């Protein structure tokens, strides 16, 4: 197969029809919150495009982001690697090692100068020149600057790459920072989460490949289609919150009845992600559905924000101040309403003969 074949030609050789391609594009458009008509444009663009060269760099991380991508259901890992992109360098997934691996990275950079996409997972050590995280005799800091120089765009996958994550948490012994703190002259897409939702990674890459542009981003550089609403806004426990019905512990009657987990520390009201809608493991569940409050892992500095099992304060500072304050007030109103309702019911029972 020639290296310059289009994605459409590659798909046709695998027996994938135009109809199947359109169906696939329709799914991509739906998860990116695009209008139905966009699916046709995406299918046409996809068929005419060449596979996107991608160089994946792993720095201060736990490999959880790669593990998340390998569990993407639609599009799955095979769709992404073999149909949409040319994964030219990835330390975890590639067969090559040592000098051959480094040669692959440098070769991809040269052959696709100005056109390749860099995906980064993990924060970047900067203290003492970045010596606390190295590979192939170079610091992560050196490799990032070198690889990003001629890149088309950068995708920071996971909260560590997007915001510094756990390595950045106090006392931050390696001087860990986000990719955007170092690279300031390239388009950067942040797909936060610890780990991020696999469909958010796959969908964003597919959007970039098929439409050739950056999706609409929020104020933190994240795709709005996945990070445009808070988990609280889409949570199925929200009606219990509005009624003032809260679990007081993880094993009380409220918890067993599926009541809101706000008072046991759920950070859903100030966390923006698609967990409550896309969910995990092919749409099976997400932490709140499994009985555990949201940790807020897709937000900056989530590890240092007051404890996972403590309720949100009336004021959280930064952008969350007004929101959290309003939610606390709303919870109080809901609780008062529920208490009044119970009082009326008890009074009505007492009047019965």
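For residue 131, the criteria (1) surrounded by fewer than 21 Cβ atoms within 10 Å (Cβ to Cβ); (2) within 20 Å of residue 214 (Cβ to Cβ) hold in every case but one, which is (2).
Annotation for the range 211-223: at least one member residue is over 30 Å from residue 127 (Cα atoms), under 15 Å from the mean Cα position of the chain (by Cα) and at pLDDT below 95. In the range 2-20, of all residues being in a helix (DSSP H, G or I) and out of contact with any helix residue (DSSP H, G or I) (no Cβ under 7 Å at 6 or more places or on another chain), the one that is nearest to residue 85 (Cα to Cα) corresponds to 9. Identify, by number, the condition in (1) at pLDDT 95 or above; (2) within 23 Å of residue 161 (Cβ to Cβ) that residue 318 doesn't meet. Answer for residue 318: the failing condition is (1). Of all residues in the range 134-157, those that are surrounded by 15 or more Cβ atoms within 10 Å (Cβ to Cβ) and outside any helix (DSSP H, G or I) total 11.
For the range 184-236, filtered to residues that are without any contact (Cβ under 8 Å) to a residue 40 or more places away in the chain and assigned to a strand (DSSP E or B), the residue that is surrounded by the fewest Cβ atoms within 10 Å (Cβ to Cβ) is 217.
Residues that are over 25 Å from residue 197 (Cα atoms) and modelled with pLDDT of 95 or more do not occur anywhere in the range 157-169. Scanning the range 178-210 for residues that are closer than 12 Å to residue 162 by Cα and under 13 Å from the mean Cα position of the chain (by Cα) yields a count of 8.
The values are calculated or read from the model by the stated rules, or taken from the named source; none is laboratory data. Model, not experiment: these values are computed from the prediction. As a convention, Cβ positions derive from the backbone with ideal geometry for all residues, glycine included, and neighbour counts pool all protein chains shown.
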